[in-house]
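K.L.:
Below you will find the structure I want to go over with you.
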Amino acid sequence: MVTMIRQFFKGPLFILVLIFLNCLVQASDRELVQVTPAQVGMSEDALNDITAYLQGEVNAGNVAAAVGMVARHGKIAYFESVGACATDSLFRLASMTKAVTSVAVMQLVEEGSVQLTDPVSKYLPGFAKLKVISSDGSNLSDSKSEPTIHHLLTHTSGIGYGWWGGPQDKAYIAAGVHDMVVPNKDTIEEHTDKLSKLPLAFEPGEQWMYGQSLDVLGRSFLHLLLGGSSRRAHWLGHDPDISL
């Protein structure tokens, strides 16, 4: 599974995903209309190559389905689906929520409610006394410093995913917090409480590791930093009566 994930992030399919997401971001503040490729100066044959590539990935068993979109000058020139989905199928946001969480926290930083240097334990006391696992997995030692909001935002906290092949993985697998593809039934509180009891892969700030730092930041933001429901609604644009 790890090999497949790494290949995905290095491959052309990941680039297409980024292009698709960029189209969605650009379209978020207006309604796009679909036109022919020629109307926006694009090649229909070249765009059809995208469909052929995506279909090839489905046929090879690399992905179950895919949706591709290309927009130019505020108009959709290409919008196709392959495999077991349609262009209006719903997809799990997964790591796209990291960007949303990060922007929300940076708004709090901008207004002065939160400092980037704040230790995570200021909001989640369970992260005050963490252990760091040695590179060979043979030893646990007290962390020399606490992870901060900055470390969470930049994936330098030492909190991983549990499938990068390091000594931290065994503890994550045992705790059941290592699989981001198959969600468990833990609440965000339960999940982050488990993470607070697991060893860091390195001292905060010393290395970079893509992981669940933003999960921890998300709990801090939603359940602690924002306080009451009316304040949550102000930041997230929700009705105060809606449970978050």
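The values are calculated or read from the model by the stated rules, or taken from the named source; none is laboratory data. For clarity, every value in this text was computed on a predicted model and none was experimentally measured. Backbone-built Cβ (ideal geometry, glycine too); neighbour counts: all protein chains shown.
K.L.:
So, Asp49, is that one out of contact with any strand residue (DSSP E or B) (no Cβ under 9 Å at 6 or more places or on another chain) and either surrounded by 16 or more Cβ atoms within 10 Å (Cβ to Cβ) or not assigned by TED's automatic domain parsing to the domain that holds Gly218 (or both) or not?
P.N.:
When the stated conditions are applied, Asp49 passes them.
K.L.:
Find the residue count for the range 144-160, including only residues that are more than 23 Å from Gln107 (Cβ to Cβ) and touching a helix residue (DSSP H, G or I) at 6+ places or on another chain (Cβ under 7 Å).
P.N.:
Total satisfying the criteria: 2.
K.L.:
Under 12 Å from Leu217 (Cα atoms), touching a Leu at 6+ places or on another chain (Cβ under 6 Å) and surrounded by 13 or more Cβ atoms within 10 Å (Cβ to Cβ) - does that describe any residue in the range 180-190?
P.N.:
No, the range 180-190 contains no residue that is under 12 Å from Leu217 (Cα atoms), touching a Leu at 6+ places or on another chain (Cβ under 6 Å) and surrounded by 13 or more Cβ atoms within 10 Å (Cβ to Cβ).
K.L.:
Report yes if Lys131 is outside the structural domain of Asn62 (by TED's automatic domain parsing), loosely packed, with under 13 Cβ neighbours inside 10 Å and either within 20 Å of Met209 (Cα to Cα) or out of contact with any Gly (no Cβ under 7 Å at 6 or more places or on another chain) (or both), otherwise no.
P.N.:
no
K.L.:
Shifting gears a bit: Which fully enclosed helices (runs of 4 or more DSSP H) of the range 71-182 have 2 or more residues being closer than 30 Å to Asn48 by Cβ?
P.N.:
none
K.L.:
Within the range 193-223, count every residue that is at pLDDT 90 or above, closer than 14 Å to Gly126 by Cβ and touching an Asp or Glu at 6+ places or on another chain (Cβ under 8 Å).
P.N.:
Of the residues in that region, 2 qualify.
K.L.:
Here is a further query. Provide a single number: the residues in the range 122-146 that are under 22 Å from the mean Cα position of the chain (by Cα) and either small (Gly, Ala, Ser) or farther than 18 Å from Gly160 by Cβ (or both).
P.N.:
Matching residues across the range 122-146 total 1.
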